[in-house]
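J.: So that we are looking at the same thing, I have put the structure below in structure tokens.
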Amino acid sequence: MSINFPLLLVIAVAVCGALALLDLVLLAPRRRAAIAAYQGRVGEPDEEVLEKLGREPVLVEYGKSFFPVLAIVLVLRSFLVEPFQIPSGSMKPTLEVGDFILVNKFAYGIRLPVLDTKVIEVDNPQRGDVMVFRYPSDPNINYIKRVVGLPGDVVRYSSDKHLFINEQPITESLVGEEPGTLGSAVLYKEKLGAVEHLVRKEMSRYRIEPGREWVVPEGHYFMMGDNRDNSNDSRYWNDPKIPKELRGMVPDRNIVGKAFAVWMSWPDPKLRNLPNFSRVGLIH
């Protein structure tokens, strides 16, 4: 079962804030009145009695303590920067399994937490951006891929694994080879828009697929992983619950933010080894 952390965080802030407000408006004045009444009845007030009368209820004490911390986390996470960990190799070699990344939450507009309603326009995703978004078939799952197709684009991926956008081939140059899942894998330097980055392609004949073409609707984006033959991306999404013309597309409302930096790498899922910082840097 997936946990809706943003919703839990909003609820926690609301509960703690309500407790703090309840104390400010109702409970604290009652405590002060009780202390004043007690002091008026006795000549020399007992310090223990004063402490007891002025003591905050346990829930109120915890609520007031946690409220500012949770509120700061909510603001940072919802509107500024959110951390994520890379769970798969679909973005290799750009991102490795276990990379901890930072995502700019305001790059593509300010959105309300939980509701994800855009309230302030900032900018739109650009071709070549590495973007985190909510998977169209299950919005509780976050995906990270590279923006390939913008609204109105015609995207074609040929059977020999070449990418075309609006009938123009995307420039790529050979970098080298490395071991692959079914033989050798080849690394290419590709240029999408203003962004140069590496892509990885398996060269086994079992990876050859028929060429396909997609038209990107308005308000949607076509996404692909840099690990081209090991990525569940726009080329393969075929949810029958989604209208046919929108299958494989990421709607603007599902955007989470722009990935911009790796700040730590911890590839061991059981966390038995220490994290390393050799991959720290900006994401291209």
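J.: Condition first: buried (at least 19 other Cβ atoms within 10 Å of the Cβ), modelled with pLDDT of 95 or more and of a type in the set (Asp, Glu). Now tell me which residues in the stretch 203-243 satisfy that.
T.: 226, 233
J.: Taking into account only those residues within the stretch 52-85 that are of a type in the set (Gly, Ala, Ser), assigned to a helix (DSSP H, G or I) and without any contact (Cβ under 8 Å) to a residue 60 or more places away in the chain, which is farthest from residue 261 (Cα to Cα)?
T.: As a first pass, look at the stretch 52-85 and keep what is of a type in the set (Gly, Ala, Ser): 54, 63, 65, 71, 78.
Retained after the next criterion (residues that are assigned to a helix (DSSP H, G or I)): 63, 65, 71, 78.
Still in the list and also without any contact (Cβ under 8 Å) to a residue 60 or more places away in the chain: 63, 65, 71.
Details: 63: 34, 65: 32, 71: 24 Å.
Going through the qualifying residues, I end up with 63.
J.: Please name all residue pairs, on different chains or six or more residues apart, with Cβ atoms under 6 Å, provided the first residue is in the stretch 9-31 and is assigned by TED's automatic domain parsing to the domain that holds residue 60 and among the β-branched types (Val, Ile, Thr) and the second residue is crowded, with 17+ Cβ neighbours inside 10 Å and not in a helix (DSSP H, G or I).
T.: Cβ pairs passing all conditions: 10/113.
J.: Please tell me if residue 96 is crowded, with 17+ Cβ neighbours inside 10 Å, touching a strand residue (DSSP E or B) at 6+ places or on another chain (Cβ under 9 Å) and either in contact (Cβ under 8 Å) with a residue 24 or more places away in the chain or not in a loop (DSSP other than H, G, I, E, B) (or both). Give the derivation first.
T.: Working: crowded, with 17+ Cβ neighbours inside 10 Å: no; touching a strand residue (DSSP E or B) at 6+ places or on another chain (Cβ under 9 Å): yes; either in contact (Cβ under 8 Å) with a residue 24 or more places away in the chain or not in a loop (DSSP other than H, G, I, E, B) (or both): yes.
No.
J.: State yes or no: is residue 42 hydrophobic (A, V, I, L, M, F, W, C), more than 25 Å from residue 8 (Cβ to Cβ) and surrounded by fewer than 16 Cβ atoms within 10 Å (Cβ to Cβ)?
T.: Answer is yes for this residue.
J.: When you look at residue 102, is it closer than 24 Å to residue 211 by Cβ and either assigned to a strand (DSSP E or B) or under 15 Å from the mean Cα position of the chain (by Cα) (or both), yes or no? Before you say what the answer is, go through the steps one by one.
T.: Values: closer than 24 Å to residue 211 by Cβ: no; either assigned to a strand (DSSP E or B) or under 15 Å from the mean Cα position of the chain (by Cα) (or both): yes.
Here the answer is no, as residue 102 does not meet what is asked.
J.: Can you pull out every residue in the stretch 39-51 that is outside any loop (DSSP other than H, G, I, E, B) and farther than 26 Å from residue 64 by Cα?
T.: Filtering the stretch 39-51 down to residues outside any loop (DSSP other than H, G, I, E, B) leaves 39-41, 47-51.
Within the stretch 39-51, 39, 40, 41 meet the criteria.
The values are calculated or read from the model by the stated rules, or taken from the named source; none is laboratory data. All values derive from a computational prediction rather than experimental measurement. Cβ coordinates were reconstructed from backbone atoms using ideal geometry, including for glycine residues, and neighbour counts include every protein chain displayed.
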